[in-house]
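Q: Submitted below is the structure of interest, expressed as structure tokens.
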């Protein structure tokens with residue numbers, strides 16, 4: 001029977017080539033989707049998460065356009081009257097007032113009026129200004145601030161600064177916390193003890209007081225002039241202070257994963273420490289890192305708003321949601337509420353959408369739901 005079977009197996013390829021028989025169909029096993037495909041499928045089924053994703057995407061696109069100067073490029077220009085209420089504005093009222101300025105009288109006053117020779121030139125300039133104003137398209141304004149700047153442009157520019165600070169500081173804190181947590185959790189021993197001591201020192205100081213202390217050092221210290229025109233100090237302060245929460249979670253995950261079979265198998269085939277830490281273990285704890293990154297973006301935007309509100313945040317020649325809230329303090333006394341409303345609406349919309357997106361992302365990446 002074995003000889004006959006071997007003869008039949010040898011004759012099968014020849015019969016297939018001659019077209020007499022067909023090759024047996026080998027069923028292909030379905031491929032299992034990877035972790036990210038499963039997470040995206042879960043996220044698409046979450047309506048709140050998808051809506052939040054679109055809102056965050058719109059804000060991020062607005063930040064990019066503001067950085068390129070397409071949006072809110074002239075936020076410092078005085079485009080209207082001080083404290084102009086929210087309305088649709090067209091021509092600049094200040095320039096219209098110039099256009100309605102002195103007119104040349106019908107009688108010759110050159111003998112008694114030394115300014116009479118200049119009336120003609122002034123009227124020509126006023127006519128040019130009036131012509132320019134007549135062709136300006138009306139724009140939707142949220143009102144004006146105390147010097148006539150458009151509050152909508154300020155809110156968009158403030159979104160650019162606040163969101164950039166929040167994202168950059170969150171990336172820095174995530175990088176520090178993930179690196180230190182990976183080293184402490186993987187190696188353990190004295191390295192873990194040393195990093196735990198550093199962690200305890202940072203967490204023993206109240207979070208907000210440590211931020212205020214570092215902000216005061218950057219602003220009023222010997223290096224204050226160097227960093228007075230940049231958002232870099234705020235990013236550094238928030239990133240250096242905010243890494244502790246990420247460190248604690250990543251360290252715990254590395255302690256849990258360092259003794260598992262796939263890590264020991266990688267060690268058996270000759271993978272080094274760095275390869276095992278960041279090539280094998282890190283992808284399996286990436287869901288923790290991503291969720292913490294999202295949480296810290298919201299937290300750091302709030303912290304930047306507080307610092308700028310107290311005068312310890314972004315430079316005075318820049319605008320953020322915090323500086324807008326600081327300016328609105330005195331405006332509220334005069335009954336001018338629109339700058340506060342604009343900054344609050346923008347900040348509340350983005351922070352709420354990002355927080356909901358973080359919750360949806362946490363559910364989508366949860367290994368227990370896979």
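Q: Could you tell me whether any residue of the stretch 43-56 is more than 15 Å from residue 361 (Cβ to Cβ), modelled with pLDDT of 80 or more, assigned by TED's automatic domain parsing to the domain that holds residue 167 and part of a helix (DSSP H, G or I)?
A: no
Q: Same structure again: Please verify whether residue 192 is modelled with pLDDT of 80 or more, surrounded by 11 or more Cβ atoms within 10 Å (Cβ to Cβ), assigned by TED's automatic domain parsing to the domain that holds residue 351 and touching a strand residue (DSSP E or B) at 6+ places or on another chain (Cβ under 9 Å), treating the condition exactly as stated.
A: no
Q: Is at least one residue of the stretch 276-287 closer than 19 Å to residue 173 by Cα and within 21 Å of the chain's Cα centre (by Cα)?
A: yes
Q: Any residue at all in the stretch 344-360 that is modelled with pLDDT of 90 or more and out of contact with any helix residue (DSSP H, G or I) (no Cβ under 9 Å at 6 or more places or on another chain)?
A: The answer is yes, given that some residue of the stretch 344-360 is modelled with pLDDT of 90 or more and out of contact with any helix residue (DSSP H, G or I) (no Cβ under 9 Å at 6 or more places or on another chain).
Q: Just wondering, is there one or more residues in the stretch 116-128 that are assigned to a helix (DSSP H, G or I), in contact with a helix residue (DSSP H, G or I) (Cβ under 7 Å, 6 or more places away or on another chain), surrounded by 15 or more Cβ atoms within 10 Å (Cβ to Cβ) and modelled with pLDDT under 55?
A: Checked the stretch 116-128: at least one residue is assigned to a helix (DSSP H, G or I), in contact with a helix residue (DSSP H, G or I) (Cβ under 7 Å, 6 or more places away or on another chain), surrounded by 15 or more Cβ atoms within 10 Å (Cβ to Cβ) and modelled with pLDDT under 55.
Q: Please work out if residue 275 is in contact with a helix residue (DSSP H, G or I) (Cβ under 9 Å, 6 or more places away or on another chain), surrounded by fewer than 16 Cβ atoms within 10 Å (Cβ to Cβ), assigned to a helix (DSSP H, G or I) and modelled with pLDDT of 90 or more.
A: Against the criterion (in contact with a helix residue (DSSP H, G or I) (Cβ under 9 Å, 6 or more places away or on another chain), surrounded by fewer than 16 Cβ atoms within 10 Å (Cβ to Cβ), assigned to a helix (DSSP H, G or I) and modelled with pLDDT of 90 or more), residue 275 qualifies.
Q: Spot the failing condition for residue 252; the list is (1) surrounded by fewer than 19 Cβ atoms within 10 Å (Cβ to Cβ); (2) modelled with pLDDT of 90 or more; (3) under 30 Å from residue 76 (Cα atoms), and only one is missed.
A: Against the list (1) surrounded by fewer than 19 Cβ atoms within 10 Å (Cβ to Cβ); (2) modelled with pLDDT of 90 or more; (3) under 30 Å from residue 76 (Cα atoms), residue 252 comes up short only on (3).
Q: May I ask you to verify whether residue 259 is in contact (Cβ under 8 Å) with a residue 12 or more places away in the chain and in the same structural domain as residue 174 (by TED's automatic domain parsing)?
A: So residue 259 does not fit the description; no.
Q: Considering 214, 249, which residue is more than 22 Å from the chain's Cα centre (by Cα), in the same structural domain as residue 313 (by TED's automatic domain parsing) and under 30 Å from residue 316 (Cβ atoms)?
A: Result: 214 is the single residue among 214, 249 that is more than 22 Å from the chain's Cα centre (by Cα), in the same structural domain as residue 313 (by TED's automatic domain parsing) and under 30 Å from residue 316 (Cβ atoms).
The values are calculated or read from the model by the stated rules, or taken from the named source; none is laboratory data. Note that this is a predicted model, so its numbers are computed, not measured. Methodologically, a virtual Cβ is constructed for each residue, glycine included, from the backbone with ideal geometry; neighbour enumeration extends over all protein chains shown.
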